[in-house]
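Trainee: This is the structure, below, for whatever I ask next.
The values are calculated or read from the model by the stated rules, or taken from the named source; none is laboratory data. Fair warning: this is a prediction, and the values are worked out from it, not measured in the lab. When we count neighbours, we look across all protein chains shown, and the Cβ atoms used for this are built from the backbone with ideal geometry, even at glycine.
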Amino acid sequence: MSFVEPGPPTPAEASSADDLGAWGWDEAWAAIYAAQAAEGSRPARVLAEERGRYLVATARGERWAAVSGRMRHGMSSLADFPAVGDWLALSPTDDGAPSSLATVAQVLPRRSRISRRASVELVDERVLAANVDTLLIVQALGHDLNPRRLERYLAMAWSSGSAPEVVLNKADLCADMPSALARLGPVATGVPVHVVSAARGDGLGQLRGALRRGRTAAFVGSSGVGKSTLVNALLGEARQAVREVRPDDERGRHTTVRRELVATPGGALLLDTPGLRSLELWEAGDGLERTFGEIADLARECRFNDCSHQHEPGCAVTAAIERGDLPAERLAAQRKLQREQRALAQRGTPRGRAESRRLGRLYRDVARGVSRRKGTPFEGDADA
């Protein structure tokens, strides 16, 4: 695959070409860099990724970079590869010429990481985005409105170290807003919810107010919910390609094919992502407890500490369901995600890890451009 060098910078980009602060660099990152990066290396942030090559922002402007062989040799997981949003140390031997391919020597420790399971075949962590401050979970007010899917995204957000906010797009197509909001009420308790119409501009002022200069916000959600349209509206220009959704089910067709970090006129950073057809969590940890916080609170009132919330006497959870205070669907959804997490842990057996390593090597070959064999789980968009 050939890589096109970045075009001439816009006036806004040119004015900040020598200022990594425009991409979120601050004193805390400078301290981490000084303590961990090799002397003579240069900091950079990943703006986009294509087939193992990374478009990065440096103090001298944008350029392409690739992981060093030494760094790749020491990797034990797909999560060790750079992700969009990562801060890097470029090799001290790099001459800094924009026309040359820079070498990634190190990925700085991440403040947050948006992760999912790599694929059905591979039990490994895939980092979708790094160093995200706010995760904007987008659902469309229509066929895409799905409380169960929202629970998965919230669990991913809480476990990542990012703060979740919900964006309900296509308000102009919703005939019964109170009913739609009521469906998500038990799921999104305590989480900011923005009701917007990217097409008409409704609610975009409030959404802009949630963005902060130098802070990174990432859009996630299914195809066709309007993530790229929202990015374009917030940027004030048609930066991201968009396509019409299918009229029968309102689903999209994967217009966005890569993750990309862009700067808004107000200085906030937006990370657009391809739509996810499915989302299997990766080690949700306390993300599940925070997502189902009302169940965790009720469980503390159960008679038994190890209550399974099924047939035990004195169960506060089942009592709340019987009273109508807790939807039974919430407990069923929590149990389903817990089962998935247990199954994920069981796949971490020696045999499972051996198969994962085999597929991991295959992925790394594809990422380096060594293999072009079609039909692998990693050919094309791995979010399928």
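Trainee: Restricting attention to region 154-176, report how many residues are surrounded by fewer than 24 Cβ atoms within 10 Å (Cβ to Cβ) and at positive phi.
Mentor: The number of residues fulfilling the criteria is 1.
Trainee: Do you know which of the residues in region 327-341 that are without any contact (Cβ under 8 Å) to a residue 40 or more places away in the chain and closer than 13 Å to Ala299 by Cβ is nearest to the chain's Cα centre (by Cα)?
Mentor: Arg335
Trainee: Let me ask something additional. Looking at this structure, is Ala180 in a loop (DSSP other than H, G, I, E, B), under 19 Å from Gly224 (Cβ atoms) and out of contact with any strand residue (DSSP E or B) (no Cβ under 6 Å at 6 or more places or on another chain)? Let's see the steps before the verdict.
Mentor: Values: in a loop (DSSP other than H, G, I, E, B): no; under 19 Å from Gly224 (Cβ atoms): yes; out of contact with any strand residue (DSSP E or B) (no Cβ under 6 Å at 6 or more places or on another chain): yes.
No; evaluated as a whole, the condition is false for this residue.
Trainee: Looking only at region 267-287, decide whether some residue is farther than 23 Å from Val127 by Cα, at pLDDT 90 or above and of a type outside the set (S, T, N, Q).
Mentor: Filtering region 267-287 down to residues farther than 23 Å from Val127 by Cα leaves 267.
Then drop every residue that is not at pLDDT 90 or above, which leaves 267.
With the extra rule that they be of a type outside the set (S, T, N, Q), the set shrinks to 267.
Looking for residues that are farther than 23 Å from Val127 by Cα, at pLDDT 90 or above and of a type outside the set (S, T, N, Q), one finds at least one in region 267-287, hence yes.
Trainee: While we're on this one: Would you point out the residue of region 183-207, among those that are among the aliphatic types (A, V, I, L, M) and in a helix (DSSP H, G or I), that is surrounded by the most Cβ atoms within 10 Å (Cβ to Cβ)?
Mentor: Step one: filter region 183-207 for residues among the aliphatic types (A, V, I, L, M), giving 184, 187-188, 191, 193, 195-196, 198-199, 204, 207.
Right, trim to in a helix (DSSP H, G or I) and you get 184, 204, 207.
Working: Leu184: 18, Leu204: 16, Leu207: 21.
Ranking the qualifying residues of region 183-207, first place goes to Leu207.
Trainee: Still on this structure, please answer the following. Out of curiosity, is Ser223 at pLDDT below 90 and part of a helix (DSSP H, G or I)?
Mentor: No; evaluated as a whole, the condition is false for this residue.
Trainee: Kindly provide the set of residues from region 136-190 that are over 23 Å from Leu337 (Cβ atoms), at pLDDT below 90 and touching an Asp or Glu at 6+ places or on another chain (Cβ under 8 Å), ordered by number.
Mentor: Gly142
Trainee: What's the number of the only condition in (1) over 30 Å from Ser77 (Cα atoms); (2) modelled with pLDDT of 90 or more that His311 fails to meet?
Mentor: Checking His311 against (1) over 30 Å from Ser77 (Cα atoms); (2) modelled with pLDDT of 90 or more, the one that fails is (2).
Trainee: Leu270 is checked against (1) in contact with a strand residue (DSSP E or B) (Cβ under 8 Å, 6 or more places away or on another chain); (2) free of Cβ contacts under 8 Å to residues at least 24 places away in the same chain and fails just one. What number does that condition carry?
Mentor: (2)
Trainee: While we're here: Here's a check for you: in region 88-135, which residue that is of a type in the set (D, E, K, R) and in a strand (DSSP E or B) is modelled with the highest pLDDT?
Mentor: In this case the residue turns out to be Arg113.
Trainee: Please indicate, with yes or no, whether at least one residue in region 134-153 is within 17 Å of Thr273 (Cβ to Cβ), in contact (Cβ under 8 Å) with a residue 60 or more places away in the chain and acidic (Asp, Glu).
Mentor: Checked region 134-153: at least one residue is within 17 Å of Thr273 (Cβ to Cβ), in contact (Cβ under 8 Å) with a residue 60 or more places away in the chain and acidic (Asp, Glu).
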